[in-house]
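Asks: Starting off with a structure, shown below.
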Amino acid sequence: MRLTHKIIYQSENPIISIQPIIMKISNEIILSLILIPIFFLCPYGRSNAQEIYQEVNILKYVRIYSDSIGETHFEDLGIKLNEANFAPPAPPIYTSDFIPSSSYGFLSVLPGWESEWHPTPKRQFIIYLSGIIEAEVSDGEVRQFGPGSITLVEDTSGIGHISKAIGVEKVVLSVIQLE
């Protein structure tokens, strides 16, 4: 759109019409007022539960589980952290109770990787280090998990879930299998 200015002569003094400039600025303001809330309310790929919930003594995570008929669901949970002298003489930090685990490892997939419906092979915590995983449970809910997100995957029976790597970044996960 090309802006043109009209010159209006009143009493032999030229006055430049600024109406097109005002309209352009007001359109930009209106667009900003619409787009900025959408950006913050719908943060694509920014599904880090720790960013959303910033209390220092609660660690948020998402549980994936199977109900009594084998249907899978998401559940938002939190782990209470207590201030403790974990590594003296370092200052106190917030820690959870420690849970026995049997093994740990790292997983990685490239963008575009996608699974079929499957149950988890073992009850395990997954900590998302890079990339974005989109998971769907059998009740139809879909969520995205990115760096800093934590899931407790417990759907060892039933229909299970679908996972896929979305975006352009390689997905790297840390997996802690529980006893």
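Asks: Does S108 satisfy the condition of being hydroxyl-bearing (S, T, Y) and within 20 Å of R63 (Cα to Cα)?
Replies: Numbers: hydroxyl-bearing (S, T, Y): yes; within 20 Å of R63 (Cα to Cα): no.
So S108 does not fit the description; no.
Asks: Quickly run through the stretch 137-147 and pick out the residues that are within 17 Å of the chain's Cα centre (by Cα) and surrounded by 15 or more Cβ atoms within 10 Å (Cβ to Cβ).
Replies: Selection gives V137, R143, Q144, F145, G146, P147.
Asks: Which of the residues that make up the stretch 100-116 are farther than 19 Å from K170 by Cα and surrounded by 11 or more Cβ atoms within 10 Å (Cβ to Cβ)? Spell out how you get there, then give the answer.
Replies: As a first pass, look at the stretch 100-116 and keep what is farther than 19 Å from K170 by Cα: 100-104, 116.
Correct list: S101, S102, S103, Y104.
Asks: Only residues that are in contact (Cβ under 8 Å) with a residue 40 or more places away in the chain and closer than 14 Å to H161 by Cα: list them for the stretch 95-123, please.
Replies: E114, S115, E116, W117, H118, P119, T120, K122, R123
None of the figures in this text is laboratory data; all of them are computed from the coordinates on show. The structure presented is a predicted model; accordingly, all values stated were derived computationally and were not measured. A quick note on method: Cβ atoms are made from the backbone with ideal geometry, for glycine too, and the neighbour counts reach across all protein chains shown.
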